[in-house]
1. Could you check, for segment 192-199, whether at least one of its residues is at pLDDT below 95 and closer than 30 Å to A56 by Cβ?
2. Considering each residue of segment 110-144, count those that are within 18 Å of S248 (Cβ to Cβ) and either free of Cβ contacts under 8 Å to residues at least 24 places away in the same chain or among the β-branched types (V, I, T) (or both), and give that number.
3. Please count how many residues of segment 32-50 are surrounded by fewer than 16 Cβ atoms within 10 Å (Cβ to Cβ) and either more than 16 Å from the chain's Cα centre (by Cα) or not in a helix (DSSP H, G or I) (or both).
4. Considering S199, S167, S163, which residue is surrounded by fewer than 17 Cβ atoms within 10 Å (Cβ to Cβ), touching a residue at least 12 places away in the same chain (Cβ under 8 Å) and of a type in the set (S, T, N, Q)?
5. Consider T3 against the criteria (1) assigned to a helix (DSSP H, G or I); (2) at pLDDT below 90: it satisfies all of them except one. Which criterion is unmet?
6. Specify the residue that is nearest to the chain's Cα centre (by Cα); the eligible residues are those in segment 289-302 that are surrounded by 18 or more Cβ atoms within 10 Å (Cβ to Cβ) and among the β-branched types (V, I, T).
7. Any chance segment 382-402 includes a residue that's surrounded by 15 or more Cβ atoms within 10 Å (Cβ to Cβ) and under 25 Å from I253 (Cα atoms)?
8. Wholly within segment 202-288, which helices (runs of 4 or more DSSP H) include no fewer than the required count, namely at least 3 residues that are surrounded by 15 or more Cβ atoms within 10 Å (Cβ to Cβ) and not charged (D, E, K, R)?
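The values are calculated or read from the model by the stated rules, or taken from the named source; none is laboratory data. As the structure is a prediction and not an experimental result, all values here were calculated from the model. Neighbour counts run over all protein chains shown; Cβ positions are idealised from the backbone, glycine included.
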Amino acid sequence: MMTFSPANSKITPFDYTIFFGTIIYFILKVMYSSGELTPDGITYLQQVQDFWHYKANFPLGYPLAIKLLSFFTGSFFVASKLVNILAYIGIVLFSYRKNFFLSQTILVFSFYPFLNLYPISLSEPLYYFFNYLIIYYVYNYTREGFITKHTIYLSTLFFLLISVRFSGIFVLISVLVYLAYLSFKKFHSVRSFIILSTSLSAGALAYLLINYMYCGFALGQRDHLHISPAPLVDFISKISVSILKDFSFLNVIIHKGILHRISVLNIFVGIALVSFCAYIFIKKRKNIDYFNFYLIISLIIVLSGILYSYYTTKIDDTIRIKSNAYLYLILFIALNISKKNIVYAQTFAALILSINSFSVIKYYGEITNYEVKFSKLIQGCKDRKVDILYKKIQNSNEKNHSAVLRFKAFLIDKEYIIVESNGGQQNGSACQVLTSEIINQK
């Protein structure tokens, strides 16, 4: 095997266009929407509101980042968006300063699925930032060997990565497997590898110990997530179709009309993308460099970890979870195609940014409209407690409606206590708001 140097990081007009286009799209997506929130996003905000009484099943890294920035923004909701866009900007600036595959980095992190996830108040963007730094330092290990300062950096980064998402453990396993392989191939001493692997594991275990002291569980309370495994053949067939559909970059389009018309193509695009990755690997198998081999190892191990999680626990079957593995797939492809093809991909990415930005402006409503309406809904509340009354609280469509989620975020920012009840079972709260009032656009 051989190593290779990153391409010249001289920034190009396409790089500028895509980078600033992504930031503009992010702002539009947040401003012209109900807030880009999910139930998990609300859980994060409630955790930030009161860490000690609301101990969620998530690690503390992302909520703490929101809490820190909220001192400057005055809003948990705004801080969550700021964390995400700063994570994206941080990845690009780091790539630029370190001369590390700049064009490929901008292309990958400004496109599907990352582009779709930045505006949402979720921990993934911060996770991508720390994971990208880990990828860089693993690359340095490949080129320069085991260096003490890199070991310290990586140990710290694994502490931070797992403090954001527990799935960082799969990344740790993939890095340890690759570094063991690298030690064997380059005849590094066993002692060096033991010190390195112990240091990286210590970083991860240090956070898990903190999480255990915080909530009594190193990985959070997971008993309620466990499921009885489905027959293996059924599981493999269903998850394979799901992965191939979610791996289609056509999902980047947010215009529902266009997306509906091309949705039949998703599985074929997913197959083509995975097949192209396999083709590159097979074609270069005798001359593949160490770093690309690391990306393939990480793809296999992280994807295997995700599949095991799907098989044994109840988690979202979305690209959000699978993006942890998709990153290695798409980065491997981006590093192994010609500059001409990079330009073609950048052109397509710029086109998608334009289409999506136009769709947001045309079809979405301004977020300020919600602020005015929500203020009126709670203007009579005096005890800082709001009871949200559902027609049927078990109805996930009603409970997870975008306007209802935005109302919850609004209340959290105003430091209100949220109570939720069925409409026919009011609990006597001084301030009661019907979901129909929240959802009504007038």
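1. From segment 192-199, those at pLDDT below 95 are 192-199; that's our starting set.
Among the residues that remain, those that are also closer than 30 Å to A56 by Cβ are: 199.
Yes, the conditions are met somewhere in segment 192-199.
2. Initial filter on segment 110-144 (within 18 Å of S248 (Cβ to Cβ)): 110-117.
If we keep only those that are either free of Cβ contacts under 8 Å to residues at least 24 places away in the same chain or among the β-branched types (V, I, T) (or both) too, we end up with none.
Residues that pass the stated criteria total 0.
3. Counting residues in segment 32-50 that are surrounded by fewer than 16 Cβ atoms within 10 Å (Cβ to Cβ) and either more than 16 Å from the chain's Cα centre (by Cα) or not in a helix (DSSP H, G or I) (or both) gives 1.
4. On the way: S167 fails: surrounded by fewer than 17 Cβ atoms within 10 Å (Cβ to Cβ); S163 fails: surrounded by fewer than 17 Cβ atoms within 10 Å (Cβ to Cβ).
Answer to the check: S199.
5. (1)
6. So, considering only residues that are surrounded by 18 or more Cβ atoms within 10 Å (Cβ to Cβ) and among the β-branched types (V, I, T), the one nearest to the chain's Cα centre (by Cα) is V302.
7. Keep residues of segment 382-402 that are surrounded by 15 or more Cβ atoms within 10 Å (Cβ to Cβ), which gives 385-390, 393, 398-399, 401-402.
Adding the requirement that they be under 25 Å from I253 (Cα atoms) leaves 401-402.
Within segment 382-402 (the criterion being surrounded by 15 or more Cβ atoms within 10 Å (Cβ to Cβ) and under 25 Å from I253 (Cα atoms)), the answer is yes, since at least one residue qualifies.
8. On the way: elements: 232-246, 256-262, 266-283.
Here the list reads 232-246, 266-283.
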